[in-house]
Amino acid sequence: MHCVRKVTDDIYWIGANDKRLHLFENIHPIEDGVSYNSYVLLDEKTVLLDAADWSVGKQFIENLEFVLNGRPLDYMIINHMEPDHCASMEEVLLRHPETKVISTAKAFKMMEQFGFCNLGETITVKEGDEMNFGKHTFTFISAPMVHWPEVMVTFDTTDGVLFSADAFGSFKSLDGKLFADEVDFDRDWIDEARRYYTNIVGKYGPQVMNLLKKAEGIDIKIICPLHGLVWRKGIGYFIDKHIKWATYEPEEKGVLIAYASMYGNTENAAQILAAKLCEKGVTNIRMYDVSKTHVSYLISDAFKYSHIALLSVTYTNDLYPPMEEFIRDMQRLSLQNRTFAIVENGTWAPQANKVMCKMIGEMKNMTLLNEKLSMLSSVKEDTYEALDALADTIAESLK
Ligand code: FEO
């Protein structure tokens, strides 16, 4: 049975949710699933904006046919051709051979690469092109690398609706509530929105800023992304979050403590550091064991907090692999402008500090508060005092 929601008088959300999928892009855990958003404009012409993942194809097609109510589908706009949005486009075209597909030249090329063929009549658009469908005129705005190179976004100049592709998206499936003003966003959604942005689009901050600059010139009333909630109130709040993330500025002054511990001794050091920070008035702390926390959560909080304390054991004369993966991911996603503190542990030849120093040094605009805090196997009095002094240094730099 169909399950749709009205966005405006003429625009419907016809997406669907996947609560069964464990890993988004087969890499990021999504405990609360994900939504694949698709929209239909009913004007003098009918227009579908993006399709959906194959896993929700049946629901998506049922929704489409319900909304069309027997009308032909005149156009299908593909803003982003990644298969989580495009996999069911051929199914749409099999049912609606009358449909003309509108997209960028690069997207058509990539559709061919993926084997999305039999497209019928196509219309290639570029930055600034416009199309009128009756009451509504759409402008196409190129948005390369948000999140793939072929991406564009579509702006409905009539109602001020931005169909923003992956931009302004989020992990988490929808529980009937489509609009951000229908949920407690700060309580229930911000962490998954940040985790989605930072891990999926985080590397492309400059390209996101380019898109946001273009958006400054248009009067956006509603944002319709391809994943997550639709925004029709308080849009500035979410745009401000994206500006922070895209410019690699921390959202909060606080400390992410990530530790790699084999027998609990490095964890003990992390706990002591956290307790000392609290005693000195720094309570905005989040602590993770890198071995049991998926790196996507670490990345999300690395984008959130201003300070990052890394405590790691040495492993095979090198850095402990999950810690190395975390730092590599920060590098890969171009994280910048953070302040680090490091602690190493080793029983006969500690190496972790050296590797962490080098890796942090390879990133842009990173400050390292200490070159070395080394412990041998477990925390003794001297390490305890050194951790206290490190907490002083961190607290001071947070002022
Ligand atoms: Fe949700 Fe880049 O696809």
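Within region 148-175, which residues are among the hydroxyl-bearing types (S, T, Y) and within 16 Å of the chain's Cα centre (by Cα)?
S164, S170, S173
Just one of the numbered conditions (1) assigned to a helix (DSSP H, G or I); (2) surrounded by 20 or more Cβ atoms within 10 Å (Cβ to Cβ) is not true of H227; which one?
Every listed condition holds for H227 apart from (1).
Does any residue in region 216-232 that is without any contact (Cβ under 8 Å) to a residue 12 or more places away in the chain come within less than 6 Å, Cβ to Cβ, of a residue that is crowded, with 24+ Cβ neighbours inside 10 Å and of a type in the set (G, A, S) six or more places away or on a different chain, and which pairs are these?
Listed by first residue and then by second, the contacts come to nothing, as the list is empty.
Might you let me know whether region 148-167 holds any residue that is closer than 17 Å to K244 by Cβ, in a loop (DSSP other than H, G, I, E, B) and within 16 Å of the ligand (Cβ to nearest atom)?
Scanning region 148-167, I find at least one residue that is closer than 17 Å to K244 by Cβ, in a loop (DSSP other than H, G, I, E, B) and within 16 Å of the ligand (Cβ to nearest atom), so the answer is yes.
Only one of (1) at positive phi; (2) surrounded by 12 or more Cβ atoms within 10 Å (Cβ to Cβ) is not met by L373, so which one is it?
Every condition holds for L373 apart from (1).
May I ask you to say which residue of T347, T293, T314 is open to solvent by 20 Å² or more (accessible area, probe 1.4 Å), touching a strand residue (DSSP E or B) at 6+ places or on another chain (Cβ under 6 Å) and outside the structural domain of M145 (by TED's automatic domain parsing)?
Matching residue, one of T347, T293, T314: T314.
Somewhere in region 192-205, is a residue away from the ligand (no atom under 16 Å from the Cβ), over 23 Å from Q331 (Cβ atoms) and in contact (Cβ under 8 Å) with a residue 40 or more places away in the chain?
No, because not a single residue in region 192-205 is away from the ligand (no atom under 16 Å from the Cβ), over 23 Å from Q331 (Cβ atoms) and in contact (Cβ under 8 Å) with a residue 40 or more places away in the chain.
For region 184-223, what are the residues that are over 26 Å from T157 (Cα atoms) and not in a helix (DSSP H, G or I)?
D184, W189 - these are the residues of region 184-223 that are over 26 Å from T157 (Cα atoms) and not in a helix (DSSP H, G or I).
The values are calculated or read from the model by the stated rules, or taken from the named source; none is laboratory data. A quick note: this is a predicted structure, and the numbers were derived from the prediction, not measured. With ideal geometry, Cβ positions are generated from the backbone for all residues, glycine too; neighbour counts draw on all protein chains shown. In case anyone asks, the SASA skips ligands and DNA or RNA and just uses the protein heavy atoms, side chains included. Shrake-Rupley method; radii C 1.70, N 1.55, O 1.52, S 1.80 Å.
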